[in-house]
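Worksheet for the structure shown next.
Each reported figure results from applying straightforward, stated rules to the coordinates on display, with no laboratory input. Predicted model only: the values in this text are computed from it and were never measured. Virtual Cβ from ideal backbone geometry, glycine too; neighbours counted across all protein chains shown.
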Amino acid sequence: MTSEADNIIGLYQRHGREWAQDRGNRLIETAWLDRFRSLLPDQASILDLGCGSGEPIGRYFVEHGSRLTGIDSSPPLIELCQRSFPSQDWRIVDMRALSIEDTFNGILAWDSFFHLCPEDQRQMFPIFRKHAASRAALMFTSGTSHGIAMGSLRG
């Protein structure tokens, strides 16, 4: 039986542009992002897992001098990132299969990690470790209860 988590990639591939339009560039996470950034060196390298369209969180880090590598499984969302922030590194990859040679000062999985089933969430920790530079910071959103957190697009 297929779970909602198994379908998330297709949902964002089909509805990524609508999601990005609805999300907009309103940044309500500033306090959390400031705290995360305070743990990083100047001009930090950040791996953004489930980066979406790069708005507004990717923009926040770019404007503060960070170098981003954004990972998302949705080609339409990565296209928006590339258009808005062409000097950053954007890749179409399922975060659960990420294996690149780079390591990062910060790893972020904001509003993406909680879409994974609990087993896949646990399997992400070795992936986080593989891509973490020495003394890297990790920040992710996990939802409010055990399981998969899902919302709805436009109600």
Long-range amide H partners of A137, meaning residues 5 or more apart or on another chain whose placed amide H is closer than 5 Å, are G106, I107
Cα gyration tensor shape for the stretch 26-152, rounded if a/c is under 1.5, else prolate or oblate: rounded
Tally Lys and Arg at +1 and Asp and Glu at -1 over the other residues with C-beta under 12 Å from the C-beta of F128: what net charge comes out? +4
